[in-house]
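Report on the following structure.
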Amino acid sequence: MKALVTGASSGIGRDIARELVVRGWDVILVARRTDRLMELKKELGKHAMCVRCDVSNIEECKKLHEVLQSHNIEVLVNCAGFGLCGKFTETSLDKEMEMIDTNIRAVHVLTKLFLQDFTAKNKGYILNVASVAGFFSGPLMATYYATKNYVVSLTGAIYEELKRKGSNVKISALCPGPVDTEFNKVANVSFASQPIDSRTAAQQGIDGLMNGKLYTIPTIKMKCLKFAKRLAPDKVVTHICYSFQKKKR
């Protein structure tokens, strides 16, 4: 049994790889930082192999799928991604385009290619790592929130298509709130609320995937936040999100 994990060099992706190995899977670790991948491979031993790939490059995503055709992948975890904080008029356009390529286009391409393989065999699992941000608009992190909206929406649509087809293939989105990883350092923000550790997020994400859940939202607080969105107008919710994001800067 083999699983492919993008963004495996750190954070949730690294801990998802660890958790999959604990559960009996061999893992193919994918990221740009080869040194980080080799450190994890050393830890996981014979149960891991490393593939360097910049998933923000769509041609490299296609090549990754092509190269791994013979490995009989049964689990795909799309975890590569990053954020950026700041006013939309002031943040780097180049960085935002890179974010869209990584957080959206890579997820889209890899999900589509591997889903075609999985549906042909009528078995397989896809876990897309999104965020509770994917259910909101996010002033001061507008592009990041929008990318996670895409992942949440795409995953939900595919989930319904698979369900109506009676497919044995499962797809799920992990939608955590703050997680103690490198994310905030890269995004240039600080935590506004107590984060959970990435191992907990990883465990819950895999549990949700294997149990056929559409969305896994760790912690009661984040579940309540999503539920509360139904009770207030969008403008009010977005105003609250702005206040929340401002505290993180």
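The values are calculated or read from the model by the stated rules, or taken from the named source; none is laboratory data. The model shown is predicted, which means the values in this text are computed figures rather than measured ones. In this analysis, Cβ positions are derived from the backbone assuming ideal geometry, glycine residues included, and neighbour counts consider all displayed protein chains. The protein model used for the area step is the full one, side chains on, heavy atoms only, and it has no ligands, DNA or RNA in it. Shrake-Rupley method; radii C 1.70, N 1.55, O 1.52, S 1.80 Å.
Descriptive notes on the structure:
- Shape call, segment 60-174: gyration tensor on alpha carbons, a/c limit 1.5: oblate
- Largest accessible area first, the residues Val51, Val107 order themselves as Val51, Val107 under a 1.4 Å probe with ligands, DNA and RNA left out.
- Stretch gain in nm, segment Glu90-Asn72, where the contour uses 0.36 nm per residue and the Cα spacing is subtracted: 2.0 nm
- Gly83 long-range amide H proximity, modeled H, under 5 Å: Ala187
- Share of carbon and sulfur in the accessible heavy-atom surface of segment 2-156 [1.4 Å probe, %]: 51 percent
- Overall form of segment 27-72 per C-alpha gyration tensor (a/c, 1.5; a/b vs b/c): oblate
- For Asp35 and Ile220, the FRET efficiency from 1/(1 + (r/R0)^6), where r spans their Cβ atoms and R0 equals 45 Å, is about 0.75.
- For the peptides 161-167, 201-207, the ranking by packing is 201-207, 161-167, with the highest mean count of neighbouring Cβ atoms within 10 Å listed first.
- Spatially, segment 57-82 and segment 115-182 are offset by 16 Å when compared through their Cα centroids.
- Other-chain or far-sequence residues with amide H under 5 Å of Val27's (modelled H): Ala3, Ala48, Met49
- Ordering of 154-160, 25-31 by burial proxy (mean other Cβ atoms within 10 Å per residue, highest first): 25-31, 154-160
- A Förster distance of 30 Å, applied to the separation of the beta-carbon atoms of Gln116 and Lys46, puts the FRET efficiency at 0.50.
- Order by protection proxy (mean Cβ within 10 Å, highest first), peptides 134-140, 35-41, 78-84: 78-84, 134-140, 35-41
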